[in-house]
Structure formats: structure tokens, C-alpha cells
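Only one structure is covered here, and it is reproduced in the block below.
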Number of protein chains: 4
Amino acid sequence: MTYGSTFAAWRADTPAWPAYTGHAFVRALGDGTLPPAAFLHYLKQDYVFLIHFSRAWALAITKAETVAEMRLAAGTVHGLINEEIALHIKTCAAAGIDEASLFATQERPENLAYTRYVLDAGHSGDLLDLLAALAPCVMGYGEIGRNLAAQKTSDNYDDWISTYASDAYQGLCRDVGALIDAAVARRLGDDPTASPRWPALQARFAMATQLEIGFWAMGLDP
Amino acid sequence: MTYGSTFAAWRADTPAWPAYTGHAFVRALGDGTLPPAAFLHYLKQDYVFLIHFSRAWALAITKAETVAEMRLAAGTVHGLINEEIALHIKTCAAAGIDEASLFATQERPENLAYTRYVLDAGHSGDLLDLLAALAPCVMGYGEIGRNLAAQKTSDNYDDWISTYASDAYQGLCRDVGALIDAAVARRLGDDPTASPRWPALQARFAMATQLEIGFWAMGLDP
Amino acid sequence: MTYGSTFAAWRADTPAWPAYTGHAFVRALGDGTLPPAAFLHYLKQDYVFLIHFSRAWALAITKAETVAEMRLAAGTVHGLINEEIALHIKTCAAAGIDEASLFATQERPENLAYTRYVLDAGHSGDLLDLLAALAPCVMGYGEIGRNLAAQKTSDNYDDWISTYASDAYQGLCRDVGALIDAAVARRLGDDPTASPRWPALQARFAMATQLEIGFWAMGLDP
Amino acid sequence: MTYGSTFAAWRADTPAWPAYTGHAFVRALGDGTLPPAAFLHYLKQDYVFLIHFSRAWALAITKAETVAEMRLAAGTVHGLINEEIALHIKTCAAAGIDEASLFATQERPENLAYTRYVLDAGHSGDLLDLLAALAPCVMGYGEIGRNLAAQKTSDNYDDWISTYASDAYQGLCRDVGALIDAAVARRLGDDPTASPRWPALQARFAMATQLEIGFWAMGLDP
């Protein structure tokens, strides 16, 4: 199972990809050894991340060229703001952290670097530049969720794992993959890897993957 | 009934407001004399308008400072793309125009001027600049819908009128009014008309009102 | 003499191009019959135009991918703000209009439509989308200046004509033409007209040309 | 000597300011103990920084509301691209690094975090949000240059120090300070610290100061 041919190509040419999807933080979610303090710290940073990541998907709406592109981006914004963020709020609430505290979380530089890079990819380029920077988070979490659901040896982080392994989230990944494939075909044609823009898009994807690795490392360092 | 105190203040200081909400096009919707060709021409242009107007509301998400601001802007984008636009598609389909033709409508300069002005208000300023340019369309249609529902002498354009007179649309206007009031209080304080920014915001609202008048005039000129 | 191969291709596929460069306003500059009130009205609107057109060139700096692209865009912004605008200020001052009045000119919808369209081309797309919308003004004025210098039958508007016929302005047109050719080659490769993006870029150029025609028409209608 | 009253207020309320202007990297420039490899590493990263910092100043042009704001921002872009960056190119060239290599420098996350934060401050807010994020770099370097010129105990980094201590750079700091004071007065009035926006602007300045500290730390870690 995969999430479209463009994602598959970007992923295959990103040597750091396994360091992201198989990071120590990820493994510790699967075997249940992640310290609760690290998980809570991660959730708080990820709440702030999702705020700015939603802004980046909203930027995608402003850069869409077709109604189909707009609809999918709008659906993703809606899903992020009203569903994915809601999980963070619920989990944090159970740990005694209300949403106002979440929103007031001091954003760490590793967090800030990532989302502002994605936003700038959108502002400086077109929809493809933005999608290449958005893809590693969306699809990487899909891949991590699917892997952990199959391989986990502990139920400690089951809520988190099943969110990203869920049919709903896997469907989102496939939809985003189809959006990217169509957006690429529309702008680069049938042989996109031959386009002079391909290396720059590949580099966007690789940089966002690198920033994901930095985010996990930050997660382990509350 | 009104849509918040900021809107009320902007509306009161915009001499052209009645020329917008009481335009000949509006009156012809109410008495049923609007030629069907003009209505269809208007709907096609308005479809293109809503595409770009949705982009402007998406821009608002990227410029929000609170989760409440983000949620309401995201809800509005969703409503525009999946509900208000849907009415246009349905009405045009009934007249034999499919969505691909709608999307391919040649955008008239009066249409283009309006939405690009709103988008630039957002890019050049902050959320308030954008909201001041968004307000005349949202609330003006609410007011027009309410007025026509009470005063109409024909049922020819009942679908259109009842869309904007509906509880759902009136509720949206009140929600947007509350969003604007809160966004203004957050940035300009308790006495916003005393802020040095007030005249510029008022001017944004007035310019968007003027562009609405141009849009109705274009509607009468298929 | 021309301004690069991309411009030549866009120009050749824009049927409305002669209606822009040979507009009645242009002919009246050349034979001296343009009423002074129309010229002054045009200059005031063009001052406001240049403010927003400079903003669009500044946006190009933020969307550049190479230092060469940045330098040329920055040089153009500098030239627009400190040279081309200066001519307007000087000419208007001679007619008793100071810069504060110029800046306070009520922007006409035909004017606003044009510059906000260009800015949105940049915000919604990449540097190529922006350059395609910027090109008709820059190069069209170069062509008009050159033509009028050769064909004029009156010296009434000599200052204006010689500004755009000057070596400095013609050099700017060639530099911008070279920038566009390089930016296109960098992003679309050696056969850009075969790119799926070509029709959209061509349409940007055609729309901006149309908006230029609207601007001249506005100029004749003080 | 200072650089305007707004800067003075922001600086006074930023506890981390001395950790930036008196960082170990800065002290090592003054006493000549900075390892040449660290300086060269810093210069390469700073070249990339200045590219994106110029983009942020260009964004300021697009968000200006007065011709005076536009002119000063345009002058700063010109100074950055054609003067400050030129020093880096010259110094690096002397060390055998050509501009193409400079431009190809792999941007470090600490570097990327800073400039993308500044750009996003501009995109998400208005000119004040952007200026508050731009100020720490511009004025901090002015302060550092002035201090080191007075206190240095070595001539090893004299070229660098005299660039920022120069009358030209100090004049730029005063001009930017005056621009900020005028932009604040125009938007927040005569008592800006009483504006509800003041804490958010102060926080922008503080975050950019923090990111400067991260940049120096990166400089010491080639």
C-alpha cells in the first residue's frame, strides 16, 4: 500500500526517510517505553505544530488552481482543526492541561523551524513547492501509524497509534497522495522527474523530512 | 437585528451602502423582473467570485491569532466551498450549465477587481484589514436576503432569496460579526474608533462596498 | 529589436496586444491631441499604479530562487520607486499637484483591478506566474515609447515619450526580458511551450494585456 | 546614542538581549580568539541568512502604507543585496570560496528557523509584526559593531567590526529606528505601549532575539 507515485518517488530519493519513520521516539511509542513526560511535552509542541500546519494547508487553498485542489485542501484544514487537534486536546485534558495552556505553549525552535519552512515554501513558490513540504508529515505519520499498529509490543500509546493507523487517516493520506499526483501532472506533465523543477521539489521534501527528525529529537528532550 | 457593533459602525459610515443593498439588480430579484439571462450571467460570475472569495477566507486562517479565529474562518471556507457554491452549481445545472463550464467562465474585470482587492487587503495588512474587506459581501447579502424575504412581490428568485434569508446564512452573518468584534477588540482595544487604524479599516469596507455596486452593475450587463 | 524570446512568444499569441500598444490614448500622445486634463488624470492614476506595481516587483524578490533573479527584481523596484515615479511627481508638480495629493488620488476600479491581479498572480503561483503578469506593462511601455519616438507628429508629450524610448528604459526591458527567459528555462526547461503550465502563463499575460487596455480607456475618461 | 524610542522600549523589555549582543561569539570577534573556521562557517551561513533577510525586507515593501515606508524598505533591500552581502562575498572569496558555493551552502536549522520566522511574522500580520521581527538583527548588529569598535583588543576581525560600526551602517540603524517609530505612531497612536497589540509585538522582538542567540551558538559549532 502506498500514497501515490509522486510521494513514492520523493520518499525513495530521501536517504534520511528511515531516520524519520524509525526514529527512537517512534520506536519508544511502539514498545511503550516513551516516558509520559516526553509524550506530553511532544503533544504540547505538536498542538502548536498543528496550528501552524493548518495555516499551511489553508495557504494551499489560496494557491489551488482547480476546485478539486481547493476542496481537498479545505477538507484537510477542516480535519486538522476539528479532528486531529481535538485528539491532542482530549489527551492533554486527561493529563490536566487545558486548551488555553496548550495554545500558550512556548514554541521550541525545532518546531518553529519546521512549520515556518513549510509556510515559506508555499509563499515563495507555487502549490507544488508547498505540497512537497507538507507531504513528509502527512504521509510519514500514516506510514508510522500503519507500521506501529502492526509491530507494537505495548498498548501504552494505543490511542495515538490507532489515530494514525485508522482508516480515516489512511484515507486522508491516499487522498493527499492523489492530490499531489494530480497537481504534479497538471503542472509538470507526464514525466515529472524530467522537469527542471524536480530536484527543487525533491529538496523541499528532503528538508521537511530532516525537520521531522529534529522534531522527534526535540520530543525526547522535554 | 444586526451583525455586531463593528459592522454596524462601518455600515453607518459608508454612504454608498444603500446603493449596494438597494441596487436595481436587488430590486429586480425581489419583484421578479430580473431577466433570466442576467441572473444566469450573474450566477456564473458569482461562481468565479466565490472561488476567489473562498481563497480570501482561507487567507484569513493563515492570519488568525487565536484558535477561535481559525475555527470560524475554517468553518466559513467549508461553508462557502461546500454549500454556497453548491447552490450555484445546482441552479446552473438546472439551466444546462455544468461545473466545468462554470469554472471556465471568463472572469469580468468588475469581478476580478473585487476579489483581488480583498486578497490584497489581507496580504498587505493583518486580519482586520482582511475582515474589513470581507464584511460587505458576507453581511450585505445577509441584509439583502432578509429584506427581500420580507418585501418580495414575486417568487421568481425564491431559491436565491431564501438561501440568504435562511437561519443558516443569518447565523453565519452573526458569527462573522462576532468574530470581527472579537478580532477588533483584541487588536484595537475597547474604543476601536479612536484607533489611528480605524479610518483605514473604514476605507477598506467602503471600497469593498463600492466594488459590490460594480458587481451588481456588471450583473445587469450580461 | 525585441525583449527576449518568452516575451516574443507571449506577445505573438495575444490577439489583444495591438489594441493595447496602439490604443487611442497612445495615438493621442503621439499626435499631441490628448487633452491635458486626460493626461493629468492618467498621470495621477499611474502614480497610484506604480506604487502597487512596485509592490508586485518587491513580491518578485521574495519569490526569486537565484541571486541573479533577486538582484534584477531589486534593481527594478529601485528604478520604479526612485526614477519612474519621480517623473510623475515632477510632471504633476509642474501642474500644481504635490505628492501628497498624488498619493491621495482616489484609485479607479480599472486601476485597482490591474495591480491587484498582478499581486495575486504572484501570491497564488510562483515567480513565473508573477512575471507573466508583470511583463505586459514593462515591455508594452517599452514598445510604445520606441514606436512613438519614431512616429510622433507632435512634441506635446515628448517628456513622457522620451522616458520610455530612452536607452535606460529600453535596457530595463531587455534586462527584464533576459530575466524572464532565464526564469522560464530554469523552471520549464528548453522547450517551455511544451510545458503544461504554458497556457496558464500565456493566459496571465493576456489578462494583464486586457487590463492595460482597460487602463488606457480609463485614461480617456477623467 | 540609540535607534529610536520603539526599539529602546522593545530592547529594555527583552531579558535575553545581553545574551545576544554579548554572546561568546561576539566576544571572540572582539578579542580575536574566534577560530577562522568558525568565522568562515558563520559567514557562509550568514550569506544564506542575508538572502532570506533581504526577502523579508522586500516583503516589507509589499506591506508598506506610505511612500516613505516603501522608500526606506526599498533602500534597505538594495543595501542588503548590493552592499552587506558583497562584504561576505569578498571575505569568502579571499578564503577561496566563490559565490556559487556560498549560495549552495547547506542551510542549518538554526538559520532557517530565524529567517522563516521573520517572513511568517510578515505574512501573518501587518508591517509592525514584520518590523518587530526584523529589528533585533538590524539594530543588534549596529550595537555590537559600535561596542566592539570601542572595546576590541584585537584587529583580527576588523573588517567585520568596522562594517557594522561604520557611519553608513549606524545611519541605516537610525533610519530603520525612525521608520519603526513612524510606522508604530501611524498604526498604534501616541501611546503605543497601551495598545493591546504591544505585548504581541514585544514577543515578536523577543523571539527574534532568541533566534539570534541560536544563530551565534550555531556559529561556534561549525
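The values are calculated or read from the model by the stated rules, or taken from the named source; none is laboratory data. Quick caveat, the model's predicted, so the values are computed rather than measured. Every residue, glycine among them, receives a Cβ derived from its backbone with ideal geometry; neighbour counts consider all protein chains shown. Heads up: the accessible areas ignore ligands, DNA and RNA and are worked out on the full protein's heavy atoms, side chains in. Shrake-Rupley method; radii C 1.70, N 1.55, O 1.52, S 1.80 Å.
Just how large is the dipole of chain D about the Cα centre, in debye to the nearest 20, putting +1 at every Lys and Arg Cβ and -1 at every Asp and Glu Cβ?
Dipole of chain D, to the nearest 20 debye: 240 debye.
In this assembly, the A-C interface accounts for approximately 1000 Å² of buried accessible surface in total, computed with a 1.4 Å probe and without ligands, DNA or RNA. The alpha carbons of the protein assembly as shown give a radius of gyration and a Dmax of 27.6, 89 Å, in that order. The residue of chain C whose Cβ sits closest to the rotation axis that maps C onto A, together with that distance in whole Å, is C:D126, 2. Peptide A:104-117 has a mean of 5 when you count, residue by residue, the C-beta atoms of other protein chains within 10 Å of its C-beta. Near C:G177: Cβ cut-off under 13 Å, other residues only, Lys/Arg at +1 and Asp/Glu at -1. The net charge is -1. Per-residue shielding of A:205-213, expressed as the average number of other chain Cβ atoms within 10 Å of the residue Cβ, stands at 1.
Percentage of Cα-Cα pair distances in the range D:44-114 greater than 18 Å, rounded to whole percent?
Percent of Cα pairs beyond 18 Å in the range D:44-114: 45.
If you line up the long axis of helix A:198-219 against the longest principal axis of chain A, both from Cα atoms, how many degrees apart are they, to the nearest 10? Taking the Cα atoms of chain A, the angle to A:198-219 is about 0 degrees. Each peptide in A:17-26, D:50-59 receives the mean, over its residues, of other Cβ atoms within 10 Å, and ordering these scores from highest gives D:50-59, A:17-26. B:F103 label point (Cα plus 7 Å toward Cβ) to equivalent points in the other copies: 3.6, 3.7, 4.4 nm, shortest first. In this structure, D:A86 and A:T193 have a Cβ-Cβ separation that, at R0 = 35 Å, corresponds to a calculated FRET efficiency of about 0.40.
Distances from B:D191 to itself in the other copies, using label points 7 Å out along the Cα-Cβ axis, amount to 0.8, 7.0, 7.0 nm in increasing order. Which angle between 0 and 90 degrees, to the nearest 10, do you get for helix C:127-151 versus the longest principal axis of chain C when only C-alpha atoms count? It is inclined by approximately 40 degrees.
Principal-axis analysis of the Cα atoms of chain C puts helix C:109-124 at an angle of about 20° to the longest axis. Ordered by solvent-accessible area of protein heavy atoms (1.4 Å probe), largest first, the residues C:R11, D:R27 come out as D:R27, C:R11.
Distance between the modelled labels on B:T2 and B:R27, one decimal in nanometres: 2.6 nm (7 Å Cα→Cβ projection).
A cut-off under 14 angstrom between Cβ atoms defines the neighbours of A:D159, and their net charge, with Lys, Arg +1 and Asp, Glu -1, is -3. The alpha carbon convex hull volume per residue for the range A:5-219 rounds to 110 Å³. The range D:106-146 and the range D:52-98 have their alpha-carbon centroids 13 Å apart.
Treating r as the C-beta distance of C:A217 and A:A178 and R0 as 51 Å, the FRET efficiency rounds to 0.70.
Charge tally around A:A95: other residues with Cβ under 13 Å, Lys/Arg +1 each, Asp/Glu -1 each, net -1. Assuming charge only on the beta carbon of Lys and Arg (+1) and of Asp and Glu (-1), the dipole of the protein assembly as shown about its Cα centre is about 0 debye to the nearest 20. Spin-label model, B:A93/D:D158: points 7 Å from Cα along the beta carbon direction are separated by 7.9 nm.
Pairs from the list B:K44/C:K44; A:K44/D:K63; A:K63/D:K63 with a Cα-Cα gap above 27 Å: B:K44/C:K44; A:K44/D:K63. Peptide D:71-77 has a mean shielding of 4, counted as Cβ atoms of other protein chains within 10 Å of each residue's Cβ.
For chain C, with all protein chains in place and a probe radius of 1.4 Å, 56% of the accessible heavy-atom surface sits on carbon or sulfur.
Charge dipole of the range B:32-128 (Cα centre as origin; +1 on each Lys and Arg Cβ, -1 on each Asp and Glu Cβ, all else neutral): 100 debye, rounded to the nearest 20.
Order the peptides D:121-134, C:34-47, A:95-108, A:154-167 from the highest to the lowest mean number of other Cβ atoms within 10 Å of their residues.
Descending mean neighbour count gives D:121-134, C:34-47, A:154-167, A:95-108.
Comment: the Cα-to-Cβ extended label point of A:A12, at 7 Å, lies 3.9, 6.3, 6.7 nm from its counterparts in the other copies, nearest first.
Remark: the protein assembly as shown carries 34 Å² of accessible area per residue (probe radius 1.4 Å; ligands, DNA and RNA excluded). With just the Cα atoms defining each centre, how far is the range D:153-222 from the range A:200-222? Give it in Å. The distance from the Cα centre of the range D:153-222 to that of the range A:200-222 comes to 29 Å.
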